[in-house]
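Written below as structure tokens is the structure these notes are about.
What follows is calculated from the coordinates using simple rules that are stated; it is not laboratory data. Because the structure is predicted, anything quoted here is derived from the model rather than measured. Cβ sites come from the backbone with ideal geometry, for glycine too, and all protein chains shown count toward neighbours.
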Amino acid sequence: MIVIVLGLLGLGIVVFVHELGHFLAARWMGVHVEAFSLGWGPKLAGIVRGGTEYRVSVFPIGGYCRMKGEESFKAALERGDEDMPREPGSFYGASPGRRIVIALAGPAANLVFALVVAVVIAAAGYTLRTAGNKVILAAEYPLAGNSAEGLPAQTAGIRTGDRITAIDGVETKIYSQIQEIIFRSPGKPLRFTVERDSGRVELEVTPVLDRETGAGRVGLYAWIDPVVERVAPESSAYVAGLAPGDRILTVNGVPVEHDVAFQKALLDRPRTLRMEVERDGARQTLEVVPTWDKDGNPDLGITFRAVAFRVQAESLSDALTKGWNDTWSTIAGTLQGLASLFRGNVKVANAVSGPARITYMVGTVATRSLREGWAEGLSRLFNFLSLLSVGLFVMNLMPIPLLDGGQILLFVVEGIRRKPLKLKTVYRYQAVGMAVVLAIFLLTTLADLTFFSGR
């Protein structure tokens, strides 16, 4: 329930910002707003100011902005009128240019929200928990269903234990920086600067496209030392006596250098794990009786120690630059994802999400982040909402009828023709849009069902 509530509130913030953009632009363009609601459904409370009813509704999923003329448009359709009703102060009574501004304001508000969040987070700073730049060649450690033979990292000559210090001249101190560059570069040759015992080498690696995710893949894992950071209470590791700070040396006699070797030792699902650990300079042996989740993954209740990497802008101008760069990078990634989807380079079920899955994702990010403290939790939550807001910005500008982009296209055509469109033309255009939006809704709903069913 906490995940659902937090998810609805998070999604509601992004949608509310969108509708607020339409509201403010409508007021600025002289279009009367009849009702502006926080939430959907039956009204809980409301107050009228300046001819506009400001209300709070039952379902906290965003809100809506109802402008003058919407009801007249429906009535004209029912009467079979040929011309659009254009009352003074109504949405359709405004010039095409003013309507374009109003339609554009919703996506623009989402973009501004994302940019402001990115700048504030960059200025305030946050701690990123990740791995260092030391890597493991996945081909040497094939995990269940993840064969990495012949992937670019192996063919380029990267070895387990290498440190990737730069990619295309961009310094990479932590694994998440390496991962981000690889993810957004399928098919693009990258120059890796690698440090190993024999010295520094330059290697060219071209990520391949992963059809499961639409991202680039080279066949690397992050190297995480098998040092226990946390042990969940009442877990199998806790019962066996494993404690924070323990370094796992062997599992059932197999040496464990890193967390991937630890995972490999569990592939055969042994009934007991005889672990040799180092604690305070002394060695001792513990026996752990593992448990497994519904997907067959080990659930021992331990978390290995990550690298705490502090990210913070040095000045206000640096925060503005970082905020803009992060926002633009998200826009570019979203467009790249859409292009991969339309080219058929990624599975649809993995590429699209409906309201249920988005709510679940927002709620999950919120609950997991807030467990680590309010400051870091809110930072991560709003960072995710910023990502979601950029997605809403891009999607709403697509030239699909009923979406803002489709409406803008309609108003541009009307402006070029220099005369109003016939009511039937607008109706047919919106009917096509309704069919497209319904198809998208069905597609995302099927993708959500696939996700929640685990298939």
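Observations on the model:
- At 0.890 mPa s and 25 °C, Stokes D of region 228-295 from Kirkwood alpha-carbon radius, µm² per second: 199
- Whole-Hz Karplus values for region 153-160 come out as 4, 5, 5, 7, x, 6, 10, 4 Hz, taken residue by residue from phi with 6.51 cos²θ - 1.76 cosθ + 1.60 and θ = phi - 60°; glycine and proline positions read x.
- Estimated at 0.36 nm per residue, the fully extended path between R279 and R163 surpasses their Cα-Cα distance by 39.0 nm.
- Charged-residue dipole, Cβ positions (Lys, Arg, Asp, Glu), region 170-223 about Cα centre, Debye nearest 20: 100
- Efficiency of FRET between E229 and S329 - r from beta-carbon atoms, R0 25 angstrom, step 0.05: 0.25
- Distance between modelled label sites at T206 and S317, nm, 7 Å Cα→Cβ extension: 4.1
- Taking other C-beta atoms within 10 angstrom as a stand-in for reagent exposure, L442, L266 fall in the order L442, L266, fewest first.
- Amide H to amide H distances under 5 Å link M67 with E34, where only residues 5 or more positions off or on other chains count and H is placed in the peptide plane.
- 5 angstrom amide H check on T172, placed H, neighbours 5+ away: A166, I167
- Among the trypsin sites (Lys or Arg not before Pro) in region 220-272, those located in a DSSP loop and surrounded by at most 11 other Cβ atoms within 10 Å of their own Cβ are R271.
- Judged by the gyration tensor of its Cα atoms, with axes a ≥ b ≥ c, region 135-222 is oblate; a/c meets the 1.5 cut and b/c is at least as large as a/b.
- Cleavage-rule hits, trypsin sites (Lys or Arg not before Pro), region 187-220, DSSP coil, Cβ neighbours within 10 Å at most 16: R211
- Placing unit charges on the Cβ atoms of the charged side chains and taking the dipole of region 135-222 about its Cα centre, the candidate lying farthest along the positive direction among Q177, T193, G150 is Q177.
- FRET efficiency estimate (nearest 0.05) - Cβ-Cβ, T272 to K422, R0 51 angstrom: 0.10
- Pairs from the table (K74/K424; K173/K264; K74/K422; K43/K74) lying more than 19 angstrom apart at Cα are K173/K264; K43/K74.
- Modelled spin-label separation between Y54 and L438, with each label point placed 7 Å from Cα along the Cα-to-Cβ direction: 3.8 nm.
- Our summary gives the chain a relative contact order of 19 percent, counting only alpha carbon pairs under 8 angstrom and 6 or more residues apart.
- Rounded to the nearest 20, the Cβ-based charge dipole of the chain about its Cα centre (Lys and Arg +1, Asp and Glu -1) stands at 1280 debye.
- Shown here for region 411-441: trypsin sites (Lys or Arg not before Pro) in loop regions (DSSP other than H, G, I, E, B) with at most 10 other Cβ atoms within 10 Å, namely R418.
- Length gained when the stretch L128-K74 is fully extended (0.36 nm per residue, less Cα-Cα span): 14.3 nm
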